[in-house]
Amino acid sequence: QVQLVESGGGLVHPGGSLRLSCEASTNDFSVYVMGWYRQAPGKQRELVARITSSGSTHYADSVKGRFTISRDNAGNTVYLQMISLKPEDTAVYYCNAQTVLLDYWGQGTQVTVSS
């Protein structure tokens, strides 16, 4: 069982920045595809960004150019740097660790973008 602990959420003004972190309790962190998902009230959970073990990245169109996902395999941590935040980015952000057979989720961290 892999525990994922997110941190870094909060309240930010439009145009502001936040950096989310997710630390994984596993000795095999590098084998996992790591992702950030988000769920806004009344909406389905959606993929924001993911990064493979080799560092290949994929982003939702809505965040391209504003969000950057990165990983530190030695530190068992994945990050999501968010800039130019918009009110529509408001959601609970979840960390995900995935292989072909395994799928783990964190508890989520709230990001609120509001003036």
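Annotations
- Per-residue Karplus couplings for segment 53-65, computed as 6.51 cos²θ - 1.76 cosθ + 1.60 with θ equal to phi - 60°, are listed in order as 4, 8, x, 5, 10, 9, 10, 5, 4, 5, 10, 4, x Hz, Gly and Pro entered as x.
- Rolling a 1.4 Å probe across the protein heavy atoms gives the chain an accessible surface of 54 Å² per residue.
- When you filter the trypsin sites (Lys or Arg not before Pro) in segment 1-60 for DSSP loop state and at most 13 other Cβ atoms inside 10 Å of their Cβ, you are left with 43.
- Charged neighbours of residue 89, selected by a Cβ distance under 15 Å, balance to +4 (K, R count +1; D, E count -1).
- The chain - percent of accessible surface contributed by carbon and sulfur, probe 1.4 Å: 47 percent
- For the pair residue 54 and residue 86, a Förster radius of 35 Å applied to the C-beta separation gives a FRET efficiency near 0.70, rounded to the nearest 0.05.
- Projecting label points 7 angstrom from Cα along Cα→Cβ for residue 13 and residue 66 puts them 1.7 nm apart.
- Convex hull volume per residue in cubic angstrom - Cα atoms of the chain: 95 Å³
The values are calculated or read from the model by the stated rules, or taken from the named source; none is laboratory data. Everything numeric here is computed off the predicted structure, so don't read it as measured data. Reconstructed Cβ throughout: ideal geometry from the backbone, glycine too, with neighbour counts over all protein chains shown. With ligands, DNA and RNA removed, areas are computed over all heavy atoms of the protein, side chains included. Shrake-Rupley method; radii C 1.70, N 1.55, O 1.52, S 1.80 Å.
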